[in-house]
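Student: Okay, handing you the structure first.
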Amino acid sequence: MKNLLLGLIIFNNFLFALNFDQSRHLLNRTGFGATYTEIKSLGGLSRNLAVSLVLSGIRSEPVLDLPSWKDKSLDKKAQNELRKEWAQELKEWWAGEILITNSPLTEKMVLFWHDHFATALQKVRWPQLMLRQNLMFRKHALGNFETLLNAMLHDAALLFYLDAQQSKKQAPNENFARELLELFTMGIGNYTEKDVLELARALTGLKIDNNNGSVVFKPGAHDGGTKTILGQKQRFRPADIAQFLVSRTETKRFIVNKLWSLMIDLPLPPEKEQSLLKIMVLNKNQLKPVMEAILLSDEFWHEKNRASRIKGPVDHILGFLRTIEYLPEELQPVVQALRRTGQDLFDPPSVKGWSEGNLWLNTASMQQRIQIQKRFLRGMDSLPNLQKLEAGAGSDLAKVLLPLPPLKRIRGTTTEKFNQLLAEPGFQLY
């Protein structure tokens, strides 16, 4: 009997052993680009083992040293003089972290949460607060959602962005409460306007210390009366809200669906949704087991879920640089290219985050992408990296960069080959 079970396990692992295309798909969806060596290293592994390896590398701290100004005073005069300089340094720091990290999934999740709890440096104006928020996202990247939500309810950058620090018990600010329900937890249709008003009352009392940017609770500024939120009546305070909202099935369903959509373009079947909800409940709101189930689902590996998504600028630009293992000495042109193509790090366009899918690409933006690609190939000392990849990948070169066969024959010098590959429509997909 033991031999039979062992044989079935071995057969199952062989049946689901990853080929080159599947390995690239896993690495591209859970990160930004993938080197030839990384793709080859997963070849022959079972889905379970490959997914386990990707998830095991999740980090709670960055690889790069933090900007030198991270703990400097928030003195208003100094802040105004240095804000632009520090903002640029912050954007270059994160771009560098994405390029150098040994856990691309960590950065994928940090970008996901940055888009989910969209906050813009242009309005917040304090780079230190945006850095703290970024560190919070990586600390809880695939951790406990209730813990993350509670941290975000006390995040100075988010409170500034949504004007929550201006909320008073005499005049509660509904903006923060509305976005909390609509965009961060439950989604449209699962609450009433009365719930928004009552939640706004519950969130009064949160204030930002202008000296150090910390969030403090001021009991005297809080509406201590009884509130009725989603049918529950009690004297809600800010500290109660994360646990209360995450306990709702609607919130769990909302988060499960967002995580599914991060990795999969196919609809989430009702039975799979129920399974993921159960996993989230059994694991007390820990997200890593949910992500593992998503990555092991048949839908993730389905042919229709490959080359089905248009790359955003971070995937397009930083993914390419990671693929050729090239870290530019100067990251200012990289950050500028991200801004020009629509994904300015730390500055999403609205509280709804960035647009996704087909909205990333049109005739004009496609031409802009090709121009940026050519400029990177021509203007940077990346030729040795291109030659190294070409020599290592050999006949697999196109498969490293493209999820689809090239439409034209690729030939010429190293630079010419890469220009042709990057001009392929398939290079815009993953």
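Every number in this text was worked out from the coordinates using simple rules, so none of it is lab data. Please read all numbers here as calculations on a predicted model, not as lab measurements. Glycine gets a Cβ as well: all are built from the backbone with ideal geometry, and neighbour counts include every protein chain shown.
Student: Please list 3J(HN,Hα) in residue order for the range 324-339, calculated via the Karplus relation 6.51 cos²θ - 1.76 cosθ + 1.60 where θ = phi - 60°; whole Hz, with x for glycine and proline.
Tutor: 8, 6, 10, 10, x, 5, 10, 9, 4, x, 5, 4, 5, 5, 4, 5
Student: Quick check on my link table: of 227/352; 272/311; 40/311; 139/288; 139/311, which ones sit more than 24 Å apart, alpha carbon to alpha carbon?
Tutor: Exceeds cut-off: 227/352; 272/311; 139/311.
Student: Could you pull out every residue, at least 5 positions away or on a different chain, whose amide H is within less than 5 Å of the one on residue 229? Hs are placed 1.01 Å off N in the peptide plane, and Pro or chain starts have none.
Tutor: 234
Student: I need 415, 363 ordered by Cβ neighbour count within 10 Å, fewest first. Don't skip to the end; give the middle numbers.
Tutor: Values: 415 15, 363 7.
Ranking 415, 363 by Cβ neighbours within 10 Å, fewest first, gives 363, 415.
Student: Between helix 270-282 and the chain, what is the angle of the helix's C-alpha long axis to the longest principal axis, kept within 0 to 90° and rounded to the nearest 10?
Tutor: 60
Student: I would also like to ask the following. What whole-number value in cubic angstrom gives the convex hull volume per residue for the C-alpha atoms of the range 203-242?
Tutor: Values: hull volume 2.6 nm³, N = 40.
Cα convex hull per residue, to the nearest whole number: 64 Å³.
Student: For the range 170-287, what value does the Rg/Rh ratio take when both radii are computed over Cα atoms and Rh is the Kirkwood radius, given to two decimals?
Tutor: Reported Rg/Rh (Cα atoms, Kirkwood Rh): 1.04.
Student: Quick one, which of (i) 358; (ii) 160; (iii) 215 is the actual volume of the Cα convex hull per residue in Å³ calculated for this model?
Tutor: Calculated volume of the Cα convex hull per residue in Å³: the matching label is (ii).
Student: With θ set to phi - 60° and the Karplus curve 6.51 cos²θ - 1.76 cosθ + 1.60, what are the ³J(HN,Hα) couplings of the range 98-105 in order, to the nearest whole Hz, using x for Gly and Pro?
Tutor: My calculation for the range 98-105 gives 4, 6, 9, 4, 9, 9, x, 4 Hz in order.
Student: For residue 31, what charge total do you get from the other residues with a beta carbon under 15 Å from its beta carbon, if Lys and Arg give +1 and Asp and Glu give -1?
Tutor: Neighbour charge sum, excluding residue 31 itself: +3.
Student: Please report the antiparallel percentage of DSSP beta bridges with both residues in the chain, rounded to the nearest 5.
Tutor: Details: 9 of 9 bridges.
If I count the DSSP bridges inside the chain, around 100 percent turn out antiparallel.
Student: Follow-up. Going by how many other beta carbons lie within 10 Å of each one, how would you line up 115, 298, fewest first?
Tutor: Working: 115 17, 298 11.
Fewest-to-most ranking of 115, 298: 298, 115.
Student: Explain nothing, just compute: Karplus ³J(HN,Hα) = 6.51 cos²θ - 1.76 cosθ + 1.60, θ = phi - 60°, for every residue of the range 240-246 in order, whole Hz, x for Gly and Pro.
Tutor: After applying 6.51 cos²θ - 1.76 cosθ + 1.60, I find 8, 6, 4, 4, 5, 5, 6 Hz.
Student: Can you give me the long-range amide H partners of residue 429? Hydrogens built in the peptide plane at 1.01 Å from N, cutoff under 5 Å, separation of 5 or more residues or another chain.
Tutor: Residues meeting the criterion, in which the H sits 1.01 Å from N, are 311.
Student: In the neighborhood of residue 204, defined by Cβ-to-Cβ distances under 14 Å, what is the net charge if each Lys or Arg adds +1 and each Asp or Glu adds -1?
Tutor: Values: positive: 168, 169, 201, 207, 218, 227, 235, 237; negative: 163, 174, 198, 223, 240.
With Lys, Arg at +1 and Asp, Glu at -1, the neighbours total +3.
Student: Something else now. When the helices in the chain are scored as -39500 (n - 2.57) per DSSP H run of 4 or longer and the sum is shared across all residues, what 222 nm value do you end up with, to the nearest 500 deg cm²/dmol?
Tutor: Helix-only estimate at 222 nm: -16000 deg cm²/dmol.
Student: Using only Cα atoms and rounding to the nearest 10 degrees, what angle (0 to 90) does helix 249-263 make with the longest principal axis of the chain?
Tutor: Helix 249-263 and the main axis of the chain meet at about 30 degrees.
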